[in-house]
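S.K.: Following this message is one structure expressed as structure tokens.
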Amino acid sequence: MRLVLLGPPGAGKGTQAVKLAEEKSCVHISTGDLFREALRKGTPLGVEAKGYMDRGELVPDKVVVNMILERLKEDDVKNGFCLDGFPRTIEQADVLEKLLEEIDETLDYVIYINVPRDVLVKRLTGRRVCSDCGAGYHLISSPSEKEGICNECGGALVQRDDDKEETVVHRLDIYEENTEPLVEYYRKQGILLVADGAQDIESVNKEVLNLLDKEERAN
Ligand code: AMP
């Protein structure tokens, strides 16, 4: 199955994409994770992306597109994919469409996880990650046992630069301007499914699976 998870930062796309990829036996591809990995390895791609990521801005289309084209050529993508964080602009969506056309394929569904803006701000500014092992926490919904300390490895918990309040507001503005138009883009193609992302993780996952089941039975 070829899926795209669409939604604002903080909607839980990453969490849902991991679950879905497992449930639908396809590979989870997150452009944000690819950039963070490149950054950890200190590659030129990571260094180039860092400034944009820290400011909460989009990495230029050309850079993202080259990276994703390489990733989509890998063997494990043959059984389908669940894209998380790509496409984020109409230009990126056009590139993806052309690429799939070349291999005689199309996207099956785009799942839009819809969450109101005020909920997103609370979610994003409360996120913390372990600076050593990368484990994720949330000040309200999943706090660590000892404040500021990772349960898994004892490392210090930090706030990602792009989760600071000023940056969060900026990221949401950028999302609304560049990425939200993709909702209509895919609605027009008749492949958009909308899930209520203000629910808890398990309920969103259930809703998404139900939406997909219903579509597959109808087609
Ligand atoms: P994410 O983990 O999906 O929130 O991505 C983190 C950051 O990586 C974003 O705020 C952007 O700076 C960058 N990024 C990830 N995917 C894309 C994309 N498709 N287009 C442009 N920038 C991206």
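S.K.: Would a scan of segment 20-33 turn up a residue that is without any contact (Cβ under 8 Å) to a residue 60 or more places away in the chain, open to solvent by less than 20 Å² (accessible area, probe 1.4 Å), assigned to a strand (DSSP E or B) and touching a Lys or Arg at 6+ places or on another chain (Cβ under 7 Å)?
M.R.: Yes: one or more hits.
S.K.: Could you check how many residues of segment 48-84 are near the ligand (Cβ under 7 Å from one of its atoms), within 21 Å of V18 (Cα to Cα) and outside any helix (DSSP H, G or I)?
M.R.: So the count comes out to 1.
S.K.: Go through (1) within 7 Å of the ligand (Cβ to nearest atom); (2) of a type in the set (D, E, K, R); (3) under 19 Å from N178 (Cα atoms) for D94 and report which single condition fails.
M.R.: Failing condition for D94: (1).
S.K.: Inspect all residues belonging to segment 128-135 and state whether any of them is within 24 Å of V194 (Cα to Cα) and either in contact (Cβ under 8 Å) with a residue 40 or more places away in the chain or surrounded by 15 or more Cβ atoms within 10 Å (Cβ to Cβ) (or both).
M.R.: no
S.K.: Could you check segment 161-179 and list, in sequence order, the residues that are free of Cβ contacts under 8 Å to residues at least 40 places away in the same chain and out of contact with any helix residue (DSSP H, G or I) (no Cβ under 9 Å at 6 or more places or on another chain)?
M.R.: Result: E166, D173, E177.
S.K.: Could you tell me whether any residue of segment 16-36 is in contact with a Leu (Cβ under 7 Å, 6 or more places away or on another chain) and hydroxyl-bearing (S, T, Y)?
M.R.: No.
S.K.: Scan segment 37-91 residue by residue and report those that are touching a residue at least 24 places away in the same chain (Cβ under 8 Å) and either out of contact with any helix residue (DSSP H, G or I) (no Cβ under 9 Å at 6 or more places or on another chain) or on the phi > 0 side of the Ramachandran plot (or both).
M.R.: The answer is G56, D76, N79, G80, G85.
S.K.: Please return the ranges of strands (runs of 3 or more DSSP E) entirely within segment 122-219 where 2 or more residues are among the hydrophobic types (A, V, I, L, M, F, W, C) and at negative phi. Step through it out loud before you land on a result.
M.R.: Values: elements: 127-130, 136-138, 192-196.
Qualifying strands (runs of 3 or more DSSP E): 127-130, 192-196.
S.K.: Mind checking which residues of segment 22-43 are under 15 Å from F86 (Cα atoms), more than 10 Å from the ligand (Cβ to nearest atom) and of a type outside the set (V, I, T)?
M.R.: H28
S.K.: Can you tell which of E70, E48, E37, E105 is open to solvent by 50 Å² or more (accessible area, probe 1.4 Å) and closer than 26 Å to A195 by Cα?
M.R.: One residue alone meets the criteria, E105.
S.K.: Considering only segment 1-19, state which residues are assigned to a helix (DSSP H, G or I) and within 9 Å of the ligand (Cβ to nearest atom).
M.R.: Of segment 1-19, the ones assigned to a helix (DSSP H, G or I) are 13-19.
Scanning segment 1-19 gives K13, G14.
The values are calculated or read from the model by the stated rules, or taken from the named source; none is laboratory data. Since we're looking at a predicted model, the values are computed, not measured. So basically every Cβ, Gly included, is an ideal-geometry build from the backbone, and we count neighbours across all protein chains shown. Surface areas here come from the heavy atoms of the whole protein model, side chains and all, with no ligands, DNA or RNA. Shrake-Rupley method; radii C 1.70, N 1.55, O 1.52, S 1.80 Å.
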